[in-house]
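All remarks here apply to the structure that follows.
The values are calculated or read from the model by the stated rules, or taken from the named source; none is laboratory data. Predicted model, so just to flag it, every value in this text is computed and none were measured. The accessibility values were calculated without ligands, DNA or RNA, using every heavy atom of the protein model including side chains. Shrake-Rupley method; radii C 1.70, N 1.55, O 1.52, S 1.80 Å.
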Amino acid sequence: MKVYNSLRFFIPVGLLALLAACSKPDIPWKVNEETQRWYSKQQVTTGEQTFKDNCATCHGAKAQGQFNWQKPDAQGNYPPPPLNGKAHAWHHPYPLLMKIISEGGKTMPAWQGKLTEEEMTATIAYFQSYWPDKAYELWVERHKR
């Protein structure tokens, strides 16, 4: 009987804790008055320089990606995709975008230790500044789920 009473208390408390953890947005979610998005114009400016110095070689100066980004090479690797809203980057929530930049991927280098968290965040702001409003709105909606 004591075990049952303990479970009656701990299960609801555990569920509430789990729900609270899941509701954490993991994005700098304030809407900036200048941009009407989560980032400021200053972050875009900082991100532009960071992007040009570190990312443009592969993703293009305006985040347009490689011409043949949808066609794998002989090893089955895909070229760097557009990050300007014309590919799938808008499907990825903010924490995943940060993880990809930080840890890299199959053919993308990891930037953790080379870029600060602020520089990575500004880089996301820069390429998201190219996203059409519809892509950005869809991204925000996906983030709220």
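Remarks
- Accessible-area value, Glu119, 1.4 Å probe, nucleic acids and ligands omitted, Å²: 60 Å²
- Treating each Cα of segment 51-95 as one equal point scatterer and applying the Debye formula with no solvent, the log10 of I(q)/I(0) at q = 0.21 Å⁻¹ comes out as -0.72.
- Rounded to whole Hz, the Karplus (6.51, -1.76, 1.60) HN-Hα couplings of segment 40-48, x for glycine and proline: 9, 4, 5, 5, 5, 4, 4, x, 4
- Sequence-distant residues sharing a close amide H with Asn32 (under 5 Å, placed H): Arg37, Trp38, Tyr39
- Taking a straight line from the alpha carbon of Lys41, these aspartates and glutamates sit under 18 Å away, with near neighbours fewer than eight places off in the same chain left out: Glu33, Glu117, Glu118, Glu119, Asp133.
- Karplus (6.51, -1.76, 1.60) ³J(HN,Hα), θ = phi - 60°, over segment 94-106, in Hz, Gly and Pro reported as x: 3, x, 6, 4, 4, 5, 4, 5, 5, 9, x, x, 4
- Under Karplus coefficients 6.51, -1.76 and 1.60, residue-wise ³J(HN,Hα) of segment 125-135 in Hz, glycine/proline x: 4, 4, 6, 5, 5, 8, 5, x, 3, 4, 4
- When all protein chains stay in place and ligands, DNA and RNA are ignored, the 1.4 Å accessible-area order of Asp133, Asp73, largest first, is Asp133, Asp73.
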